[in-house]
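Written out below as structure tokens is the structure these notes cover.
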Amino acid sequence: MRFVTLNTWGMRGEWKEREARFRERVEQLAPDILTLQETVHAPGNQQARRLLGDGFHIAEAREREPGRVGAPPGQGISAASRWPVGRVFEVDLNLTERTGDFACTCLVTEILAPQPLGRIWVANHFPDYQLDHERERRLQAAAVARQLEEIVAASPGHVVIAGDMDADAGADSIRFLTGRHVVDDFSVCYRDAWEAVHPHERLTTYSPSNPHQRDPDWPFRGIDHVMVRCAVAGPTLLATSCMRVFDRGPDTVSDHYGLAVDYEVAPSSS
């Protein structure tokens, strides 16, 4: 299975050209599942469908931005799969008084993949972005993890959390998801694909070297992640490769770089 995640940067800049190049690169990468952030979904404007064409089943989040400078109304998150999609729902991430001005949400999609993969729960996690909102991101990560634990207990399957999480490996929210931090006496463990494949290399997906980057000294650089839930013997899917994508020349279609991860079923899960 190949999994791709990218913050698409909505319809900013020369989006017609960016859209065309995105479509070409997706065809080359041939992903099975994608999580996309900052896609526009509004009447007459189905950006994810235009980006991906007719070869994917697409799930759209209901939580959407009303519109702000540089972004049309309807910006939010989408998930796509070449395999059929089952249940779809959202985890409400409006958990404090500071989350009202941003469409933070988590879109959970049931992917009905063929064997030996079987059911895959994909959580496109898009928490608060503000630099000083790690409190919110920590609470939001815990809320998503609790919901996913309930889901997988009732309907077992692999669980992948992915997306623009607006926090790097040292943040409490990411440390919580990767099993290194406890929130309210609750803990989980997800295996980060980049860390699994590149254990000695720092992840950078939000970089001042990106020509679309408008935040020259944003403190958090490795903020896009793909993670698999761990069972007793470790992650149920093993990352065999993890590469940064949409990060060179005309392939740089967003202010973020993306990730492409190849997975195989862990022996203990088959």
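Every number here is computed from the coordinates shown, using simple stated rules; none is lab data. Values in this document were obtained by computation on a predicted structure and should not be read as measured data. Backbone-built Cβ (ideal geometry, glycine too); neighbour counts: all protein chains shown.
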Of all DSSP beta bridges having both residues in region 2-269, the percent classed as antiparallel (nearest 5) is 85 percent
Protection proxy (average C-beta count within 10 Å per residue), highest first, orders 45-53, 223-231 as 223-231, 45-53
Listed with the fewest Cβ neighbours within 10 Å leading, PHE246, PHE89 appear as PHE89, PHE246
When the charge dipole of the chain is computed with +1 at the Cβ of Lys and Arg and -1 at the Cβ of Asp and Glu, the Cα pointing farthest to the positive end, of ALA231, ASN94, GLY179, is that of ALA231
HIS158 neighbourhood, Cβ < 10 Å, K/R = +1, D/E = -1, net charge +2
Between the alpha carbon centres of region 37-114 and region 202-270 the gap in Å comes to 19 Å
Checked against the structure, the computed Rg/Rh (Cα atoms, Kirkwood Rh) among (1) 1.01; (2) 0.93; (3) 1.11 is the one labelled (2)
The chain: relative contact order from alpha carbon pairs under 8 Å, six or more residues apart, as a whole percent, is 19 percent
Mean Cβ-within-10 Å packing, highest first, puts peptides 204-214, 233-243, 122-132 in the order 122-132, 233-243, 204-214
Quick note on SER254, SER81, SER269, SER187, ordering by fewest other C-beta atoms within 10 Å, gives SER187, SER269, SER81, SER254
The local net charge around PHE186, scoring Lys/Arg +1 and Asp/Glu -1 for residues other than PHE186 whose Cβ lies under 10 Å from its Cβ, equals -2
